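Worksheet: the structure to be examined is printed underneath.
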């Protein structure tokens, strides 16, 4: 913009890039714990043969900016500080500038002709013509390495088919897993066996499973705190639950609904949109009928469908689609809706510690948490994840992970007795040759082991806290080469 001088822009850039003078990233910026998504981002960012610009998307406050700072800290070990540019398009002045103008100021005053540059663009969806600039930089500057973040991934996704194909990779950053939460709060982590898939627990012997349960049992005491507020790094360590929930409501929910989505997609009726999200918070883990919501809120069915899609792309909800008995997906049917993290639901509905003694609420919270962990664990393998429910018999399976070569089925029974009758759906599905894993998620730390059902695939019971921790442990093992 002509009324913003280059000197003013340069001053903003200097403020965003303290390493230009100090040679290092401030310690408060990089945090001691690294998200698992950092290793996924590194894999693409540094790849020597397949060059990609990396875009991190996810809810606000999950650590996308921290991952950027950690990447910058890593780059400083082998490159000059003045090869690195970080900018946030949340800044009111930079929102008005073209990326090209900012880069020109950087190159003329800081990098001064350096061919290898590392560019970090935070909240890129607010930059003017950002997709065109990413395309141009990729095509014209093969030595540049670029990472960006965006909280509003509908914008990011819509541009992939236009400019992003073959140029950038989008990595979704979920809220903290239970494994990452344990790491973040500084609890000693148990030593566990390597190279086993937690969704294939039936392959373990009874003694192997018992040894694992003994090792992880001390972690159970931290599980309830994690369920209440533990998904967001900024508040994960606090014991002040009401304050943490206030931060989540203001920084995660309100800013996305009232600012990001509304401004980017020209939603005129903010109150209507808020009502729909509140309805989803109250019914998380349930099958959603668009016509029912439309009648409750007083809007059209297409409006509901559009809002659901925006909320999913904005990383606030997951949608789980139904399967037929034989595993064939039903394309036009009623999805189950899960909040992206139970902490969001707890914050919006202002559910405190009393929720921990409510069996119905805990069933919803645990199923939501298990779905989120499964979605994250299998994210890069692209399975179909859904559920089964027979409308006539009301038999159901909470989560089905389906691959072309088979499927894993999960039923959440977070209660004192996790007994499964012979006529329940999970028993029927476990006796099908396509089922490779069958798991019942239980409550108590001593409620684990093989069930007595005579099925082709053995059904395993395992407590929720243990299963979720093991998923995170296995996920981190997958990045073992990058951890060295």
Margin query: Take residue 275 and tell me if it is surrounded by 15 or more Cβ atoms within 10 Å (Cβ to Cβ), without any contact (Cβ under 8 Å) to a residue 40 or more places away in the chain and over 25 Å from residue 397 (Cβ atoms).
Written below: yes
Check: With (1) out of contact with any helix residue (DSSP H, G or I) (no Cβ under 6 Å at 6 or more places or on another chain); (2) surrounded by fewer than 21 Cβ atoms within 10 Å (Cβ to Cβ) as the list, and residue 37 as the residue in question, which single condition is left unmet?
Finding: (2)
Next item on the list: Mind counting the residues in segment 334-379 that are within 12 Å of the chain's Cα centre (by Cα), part of a loop (DSSP other than H, G, I, E, B) and free of Cβ contacts under 8 Å to residues at least 60 places away in the same chain?
Entry: 1
Check: Are any residues in segment 74-94 farther than 14 Å from residue 16 by Cβ and part of a helix (DSSP H, G or I), and if so, which ones?
Finding: 74, 75, 83
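Residues are listed down the side, and each one gets a yes or a no for (1) in contact with a strand residue (DSSP E or B) (Cβ under 9 Å, 6 or more places away or on another chain); (2) part of a loop (DSSP other than H, G, I, E, B); (3) surrounded by fewer than 16 Cβ atoms within 10 Å (Cβ to Cβ); (4) in contact (Cβ under 8 Å) with a residue 24 or more places away in the chain:
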| position | (1), (2), (3), (4) |
| --- | --- |
| 175 | no, yes, no, yes |
| 191 | no, yes, yes, yes |
| 225 | no, no, no, no |
| 246 | no, no, yes, yes |
| 251 | no, no, no, yes |
| 261 | no, no, no, yes |
| 271 | no, no, yes, no |
Next item on the list: Please specify each residue of segment 298-315 satisfying the condition of being over 11 Å from residue 273 (Cα atoms) and either outside the structural domain of residue 268 (by TED's automatic domain parsing) or surrounded by 20 or more Cβ atoms within 10 Å (Cβ to Cβ) (or both).
Entry: 314, 315
Note to self: Return the residues of segment 201-220 that are touching a helix residue (DSSP H, G or I) at 6+ places or on another chain (Cβ under 9 Å) and assigned to a helix (DSSP H, G or I); say none if nothing qualifies.
What the structure shows: 201, 209, 212, 213, 216, 217, 219, 220
Next item on the list: For residues that are buried (at least 18 other Cβ atoms within 10 Å of the Cβ), more than 30 Å from the chain's Cα centre (by Cα) and in contact (Cβ under 8 Å) with a residue 60 or more places away in the chain, tally how many sit in segment 83-104.
Entry: 2
Check: What tally of residues in segment 264-273 results from selecting those that are at pLDDT 85 or above and under 14 Å from residue 314 (Cα atoms)?
Finding: 1
Notebook entry, point to check: When only residues in segment 380-433 that are closer than 29 Å to residue 176 by Cβ and surrounded by fewer than 14 Cβ atoms within 10 Å (Cβ to Cβ) count, which is nearest to the chain's Cα centre (by Cα)?
Noted result: 380
Margin query: Filter segment 1-19 down to the residues that are assigned to a helix (DSSP H, G or I) and over 32 Å from the mean Cα position of the chain (by Cα) and list them by number.
Written below: 6, 7, 8, 9, 10, 11
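The values are calculated or read from the model by the stated rules, or taken from the named source; none is laboratory data. Here the structure is a predicted model, which is why all the values come from computation and not from measurement. When we count neighbours, we look across all protein chains shown, and the Cβ atoms used for this are built from the backbone with ideal geometry, even at glycine.
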